[in-house]
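Undergrad: Quick one: this structure, given as structure tokens, is what I'll be asking you about.
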Amino acid sequence: MKGSEFEAKGPPLSPPLKWGVPGNLDSDFIKDLPSSYEGNRTWNRSVLWRNLLVSVWVLFTISCSSKNYNPVRSVQEFNNDWQFTLDEIKDIYHINDPEINWRTLNLPHDWSIEGEFSPDHPAGVGGGALPGGTGWYKKNFFIEESDSSKLTAIRFDGVYMNSEVWINGKYLGKRPNGYIGFSYNLSEYLLFGEDNQIVVKVDNSQQPNSRWYSGSGIYRNVWLIKTNKVHVAENGTYVTTPEISESEVKVSVETTLENSSDNTKAGVLVNEVVRKGDILSNVEYEFTLGPEQKIEVQQFLKIPDPKLWSVRDPELYEVQTYIEIDGRKVDSYKTSFGIRSFEFDLDKGFILNGEQVKIKGVNNHHDLGALGAAVNKRAIERQLEILKDMGVNAIRTSHNPPAPELLELTDKMGFIVMDEAFDVWKRSKVEFDYGIYWDEWHERDLRDFIKRDRNHPSVIIWSIGNEILEQWGDPAGTTIAKELREIVRSLDTTRVITDGMNPPGPGNTIASSGVLDVIGYNYHHEMYPDHYGQYPNTPMIGTETTSALATRGSYDIYLPSDSIRRWPVRWDILFEDGNPGNTVSAYDHVSAPWGSTHEETWKVVKKHDFISGMFIWTGFDYIGEPTPYVWPSRSSYFGVVDLAGFPKDSYYMYQSEWTDKEVLHIFPHWNWSPGDTVDIWAYYNHADEVELFLNGESLGIISKEGDDMHVSWRVPFTPGTLKAISRKSGSVVQTKEIHTAGAPGQIRLESDREVITADGKDLSFVTVSVLDNDGNLVPKASNRVKFEVEGPGFIAGVDNGDQTSHESFKSNQREVFNGLALVIIQSSGEQGPIKLRAVSEGLVSAEITIRTK
């Protein structure tokens, strides 16, 4: 039921009481002393210290004399010192048998990324050619006797997949979906004042169950949460901004309160809106909760002079929720939110805060390259930084609920998010995918997903599916779509709903169901201009576009670079052509047959205002799905950025189109054979023309015409220097040079950050370059580099972006690929310098120091 509705604005009437301290004496007491006290500072200090001592004594007395006294909620990271095994264990009763080989590790953990590549693994190359299987985790932990009056729950942000959990031998439940978070209440089975044991079985043995690399294990964070029995429910706040003006915003806060005790409880619910530490508005509500009762309370607050969330200025606010009983705070809960308005307009596309914004997005799968599926917030942040620098302003979480950390970062960094729930509905795409669990689990999974993510200002669009098989003439497509819409709308009415369809043409039962607020096109950019012929009253967006293919640093120079190839010829026929070594030319002239080159789709989207935007497939290469090839390839070619995080050349086309940065990028390299003729491309902006020189001789001035996005020259190879100069109105804008490199002579190490946090999680990504003796990158170098680490850090992973490499990501060495490799250094938790040394036979070694603090 709904509680009474209140409106309030301005500062709170009185600060919320903290932990039962008499007179609300807290850390703010000193700064809140009246100015009249300034006349006698010595007396003031004595009074202050006397009151502090009284407060401490009262707190001590309460904690010792009352078992029913409970402090506010505790949310503890529960990742360290787990034990793990891939040994076969008959059942839970044999979990502690002495012959089992356990190893101690910290979560998040992905055991598949530690395995060897093989085409014989059941996941196949589509799943990354890495092993699955069944793994077991266990952890012993102590619970204080004083916690016996609390509720203790464990929260898993994601376990892939088919997880089962036991506490002290008692079965808690199963969750098949590997991408959804879930919790269990442990209280009933805990041993207070003693050691407890939690056990998790993860079964990823039935494969294939995914069309891309999934990873295996407890690959997201785990939390131990302790609350009083009267508390805010899990995901128990819903913050919206129903009325926004330049001078004021009305904020609605819906709070779900739970009383898990056997007694009726009366108290006060307090909600405050806070920005940068300042309380802007508060509201209170007196409640009475019966035993085991749950209620929903809606309150309204008003904030003056609102700061809007946008992709340029992602301003954030926070709702701080408190529950007070008998003058004591018994729960606190924080909800980050943003203030923004948006619409999808039939003529102007996407409108954010009254301003037309073209959605320039990418699809990304959840793996983090050499780290596998194991979540690391810094690794996600690095990906977003690289994409932001390219001009990307939107992410589609293809094709599953993302890690919570991703949405925390998109809120903070200013990305629009299409938050996707499902890749399949009831009809499966591969033998053991989510379709076999659909009937039992889809409603619960969808509800949990929406409730978890609905407060994020970056989330603008809910996607209820991707290339769902029920879309083609199947009445179930309409039936299920309507059901999913009702579930979403029962939990959130503020965002639009879409579905990625391939394509939403005549006969598509999802597109024609009337369920979708925005029609989602997967590919088929040629249909965009005629969209309103079929859907005159519904806006559109390119939910998945392009599928261009490239190997970083590889170029087919023996065919004209303007000759477009579609590889494979058909998606359902084995591709047996292609290049030696399974490379794909990095000129923008190869795509999958269902897609396009980068320029082809962007030209259409750029031209038409009514097209809300696009999501490229994909931002980063990902493990698995190595279209157009099969083994020995084991990761994708679709990314604008390779698996190691090194941009491919098309990155700079988007940067020239999507950002205000001055761009001049010429390619390919200038190391060829006598007699070769090479197409030289240039992406540029903020200029009228580009002039190309070879060894000081001009090869001509070229300007873009019409909707051109690059210019090019066909140049016979002569060793030396290529120089490009971009000009505007005769003035030089930028100059770039490429030199013919000599033999490999030295190693260079460059870290993305020289100082990291000593928390056992933070990362420094170090680029390894093989250079000639003059400092030029050797574009075809493949030297093996070995790494040595000293100090409070370790190698978390190595990579080079090569889609065909079968070297382990978990190693202390790597061959560079086309001159580059990556080594990821992780803090071990202590402060001090980490020294990384790179050595390779015949090359001058390199060393770099990363400080942790």
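Undergrad: Open to solvent by less than 10 Å² (accessible area, probe 1.4 Å) and either touching an Asp or Glu at 6+ places or on another chain (Cβ under 9 Å) or of a type in the set (D, E) (or both): does that describe L190?
TA: no
Undergrad: Against the definition (part of a strand (DSSP E or B) and either among the acidic types (D, E) or touching a Cys at 6+ places or on another chain (Cβ under 8 Å) (or both)), how does E807 come out, yes or no?
TA: No.
Undergrad: Regarding F300, is this residue part of a strand (DSSP E or B) and in contact with an Asp or Glu (Cβ under 7 Å, 6 or more places away or on another chain)? I'd like the intermediate steps shown before the answer.
TA: Numbers: part of a strand (DSSP E or B): yes; in contact with an Asp or Glu (Cβ under 7 Å, 6 or more places away or on another chain): yes.
For F300, the condition - part of a strand (DSSP E or B) and in contact with an Asp or Glu (Cβ under 7 Å, 6 or more places away or on another chain) - is met.
Undergrad: Return the only residue of D445, D517 being crowded, with 19+ Cβ neighbours inside 10 Å and either over 23 Å from W602 (Cβ atoms) or touching a Leu at 6+ places or on another chain (Cβ under 6 Å) (or both). Steps first, please.
TA: Values: D517 fails: crowded, with 19+ Cβ neighbours inside 10 Å.
That would be D445, the only listed residue that is crowded, with 19+ Cβ neighbours inside 10 Å and either over 23 Å from W602 (Cβ atoms) or touching a Leu at 6+ places or on another chain (Cβ under 6 Å) (or both).
Undergrad: List pairs: first residue in the stretch 532-544 and under 27 Å from A592 (Cα atoms) and in contact (Cβ under 8 Å) with a residue 12 or more places away in the chain, second residue of a type in the set (K, R) and crowded, with 16+ Cβ neighbours inside 10 Å anywhere in the structure, Cβ distance under 9 angstrom, at least six positions apart or on different chains.
TA: If the second residue must be of a type in the set (K, R) and crowded, with 16+ Cβ neighbours inside 10 Å, the pairs left are T543/R396; E544/R396.
Undergrad: A further question on this structure: Determine the pairs where a residue that is touching a residue at least 60 places away in the same chain (Cβ under 8 Å) and closer than 21 Å to S656 by Cα, located within the stretch 706-728, has a partner that is part of a loop (DSSP other than H, G, I, E, B) and open to solvent by less than 50 Å² (accessible area, probe 1.4 Å) with Cβ atoms under 8 Å apart, the partner being 6 or more residues away or on another chain.
TA: Sorted first by the residue in the stretch 706-728, then by its partner, the pairs are H710/D588; S712/S561; S726/A687.
Undergrad: What number of residues within the stretch 629-662 satisfy the criterion of being within 18 Å of R566 (Cβ to Cβ), surrounded by 23 or more Cβ atoms within 10 Å (Cβ to Cβ) and of a type outside the set (F, W, Y)?
TA: 3
Undergrad: Being in a strand (DSSP E or B), at positive phi and either among the hydrophobic types (A, V, I, L, M, F, W, C) or open to solvent by 10 Å² or more (accessible area, probe 1.4 Å) (or both) is the filter here, so list the residues in the stretch 346-385 that pass it.
TA: Of everything in the stretch 346-385, nothing turns out to be in a strand (DSSP E or B), at positive phi and either among the hydrophobic types (A, V, I, L, M, F, W, C) or open to solvent by 10 Å² or more (accessible area, probe 1.4 Å) (or both).
Undergrad: How many residues are part of a loop (DSSP other than H, G, I, E, B) and open to solvent by less than 50 Å² (accessible area, probe 1.4 Å) when one looks only at the stretch 745-790?
TA: We begin by selecting, within the stretch 745-790, every residue part of a loop (DSSP other than H, G, I, E, B); these are 745, 752-754, 757-762, 772-776, 778-783.
From what's left, open to solvent by less than 50 Å² (accessible area, probe 1.4 Å): 745, 758, 760, 762, 772, 775-776, 778-779, 781, 783.
The total comes to 11.
Undergrad: What number of residues within the stretch 193-236 satisfy the criterion of being more than 27 Å from the chain's Cα centre (by Cα), buried (at least 20 other Cβ atoms within 10 Å of the Cβ) and either without any contact (Cβ under 8 Å) to a residue 12 or more places away in the chain or not in a strand (DSSP E or B) (or both)?
TA: Within the stretch 193-236, residues that are more than 27 Å from the chain's Cα centre (by Cα), buried (at least 20 other Cβ atoms within 10 Å of the Cβ) and either without any contact (Cβ under 8 Å) to a residue 12 or more places away in the chain or not in a strand (DSSP E or B) (or both) number 2.
Undergrad: Next up: On the given criteria, is I666 out of contact with any Ser or Thr (no Cβ under 7 Å at 6 or more places or on another chain) and free of Cβ contacts under 8 Å to residues at least 24 places away in the same chain?
TA: Taking the combined requirement at face value, the residue does not satisfy it.
Undergrad: With the requirement that a residue be in contact (Cβ under 8 Å) with a residue 60 or more places away in the chain and within 22 Å of V375 (Cα to Cα), what does the stretch 804-822 give you?
TA: S808, F809, K810, A821, L822
Undergrad: Can you tell me which residues in the stretch 820-853 are basic (K, R) and outside any loop (DSSP other than H, G, I, E, B)?
TA: K835, R837, R851 - these are the residues of the stretch 820-853 that are basic (K, R) and outside any loop (DSSP other than H, G, I, E, B).
Undergrad: Another question about this same structure. Among V319, V311, which is the only one that is open to solvent by less than 20 Å² (accessible area, probe 1.4 Å), touching a residue at least 24 places away in the same chain (Cβ under 8 Å) and either in a strand (DSSP E or B) or not small (G, A, S) (or both)?
TA: Only one candidate qualifies: V319.
Undergrad: If I ask for residues that are closer than 17 Å to G542 by Cβ and out of contact with any His (no Cβ under 6 Å at 6 or more places or on another chain), which ones from the stretch 488-511 would you list?
TA: The answer is V496, I497, T498, D499, G500, M501, N502, P504, G505, N508, I510, A511.
Undergrad: Go through the stretch 102-126 and give me each residue that's in contact with a His (Cβ under 9 Å, 6 or more places away or on another chain) and aromatic (F, W, Y).
TA: Passing the criteria: only F117.
Undergrad: Among the residues of the stretch 618-627, which ones are open to solvent by less than 10 Å² (accessible area, probe 1.4 Å) and either within 8 Å of N363 (Cα to Cα) or of a type outside the set (A, V, I, L, M, F, W, C) (or both)?
TA: Result: T618, G619, D621, Y622, G624, P626.
Undergrad: Name the one entry in T256, T240 that is of a type outside the set (A, V, I, L, M, F, W, C), closer than 24 Å to L151 by Cα and part of a strand (DSSP E or B). It would help to see each step written out before you state the result.
TA: Values: T240 fails: closer than 24 Å to L151 by Cα.
Just one listed residue meets the conditions, T256.
Undergrad: Looking for whichever is in contact with a helix residue (DSSP H, G or I) (Cβ under 7 Å, 6 or more places away or on another chain), open to solvent by 50 Å² or more (accessible area, probe 1.4 Å), touching a residue at least 12 places away in the same chain (Cβ under 8 Å) and farther than 30 Å from V251 by Cβ here; the options are K451, K482. Which one fits?
TA: Answer to the check: K482.
Undergrad: May I pose another question? Condition (residue is hydrophobic (A, V, I, L, M, F, W, C) and either over 26 Å from L549 (Cβ atoms) or surrounded by fewer than 13 Cβ atoms within 10 Å (Cβ to Cβ) (or both)) applied to the stretch 703-718: is it met by at least one residue? Outline the logic, then answer.
TA: Initial filter on the stretch 703-718 (hydrophobic (A, V, I, L, M, F, W, C)): 709, 711, 713, 715, 717.
Remaining after also requiring either over 26 Å from L549 (Cβ atoms) or surrounded by fewer than 13 Cβ atoms within 10 Å (Cβ to Cβ) (or both): none.
No, there is no match, as no residue in the stretch 703-718 is hydrophobic (A, V, I, L, M, F, W, C) and either over 26 Å from L549 (Cβ atoms) or surrounded by fewer than 13 Cβ atoms within 10 Å (Cβ to Cβ) (or both).
Undergrad: Okay, moving on. Please identify the pairs in which a residue from the stretch 130-145 that is of a type in the set (V, I, T) has its Cβ atom under 6 Å from the Cβ atom of a residue that is open to solvent by 40 Å² or more (accessible area, probe 1.4 Å), counting only partners at least 6 apart or on another chain.
TA: Cβ pairs passing all conditions: T134/D203; T134/S205; I143/F192.
Undergrad: Now a separate question. So which residues in the stretch 105-135 are among the hydrophobic types (A, V, I, L, M, F, W, C), farther than 20 Å from S74 by Cβ and part of a loop (DSSP other than H, G, I, E, B)?
TA: Listed by number, the residues that qualify are W111, F117, A123, A129, L130.
Undergrad: Scan the stretch 529-554 for residues that are among the small types (G, A, S) and assigned to a helix (DSSP H, G or I) and jot them down.
TA: G533
Undergrad: For the stretch 806-821, give me each residue that is among the small types (G, A, S) and surrounded by fewer than 21 Cβ atoms within 10 Å (Cβ to Cβ).
TA: Within the stretch 806-821, S808, S811 qualify.
Rundown of residues vs (1) open to solvent by 20 Å² or more (accessible area, probe 1.4 Å); (2) in a loop (DSSP other than H, G, I, E, B); (3) acidic (D, E); (4) more than 15 Å from I198 (Cα to Cα), yes/no style:
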position: Q76; (1), (2), (3), (4): yes, no, no, yes
position: E99; (1), (2), (3), (4): yes, yes, yes, yes
position: Y137; (1), (2), (3), (4): no, no, no, no
position: N140; (1), (2), (3), (4): yes, no, no, no
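Undergrad: Criterion first (modelled with pLDDT under 50, surrounded by 11 or more Cβ atoms within 10 Å (Cβ to Cβ), touching a Leu at 6+ places or on another chain (Cβ under 7 Å) and part of a helix (DSSP H, G or I)) does S46 satisfy it?
TA: no
Undergrad: Please pick out the residue among E254, E272, E292, E248 that is open to solvent by 70 Å² or more (accessible area, probe 1.4 Å) and either modelled with pLDDT of 95 or more or in contact with a His (Cβ under 7 Å, 6 or more places away or on another chain) (or both).
TA: Numbers: E254 fails: open to solvent by 70 Å² or more (accessible area, probe 1.4 Å); E272 fails: open to solvent by 70 Å² or more (accessible area, probe 1.4 Å); E248 fails: open to solvent by 70 Å² or more (accessible area, probe 1.4 Å).
Result: E292 is the single residue among E254, E272, E292, E248 that is open to solvent by 70 Å² or more (accessible area, probe 1.4 Å) and either modelled with pLDDT of 95 or more or in contact with a His (Cβ under 7 Å, 6 or more places away or on another chain) (or both).
The values are calculated or read from the model by the stated rules, or taken from the named source; none is laboratory data. This structure is a prediction, so every number in the text was calculated from the model and none was measured. Backbone-built Cβ (ideal geometry, glycine too); neighbour counts: all protein chains shown. All accessible areas refer to the heavy atoms of the entire protein, side chains included, with ligands and DNA or RNA removed. Shrake-Rupley method; radii C 1.70, N 1.55, O 1.52, S 1.80 Å.
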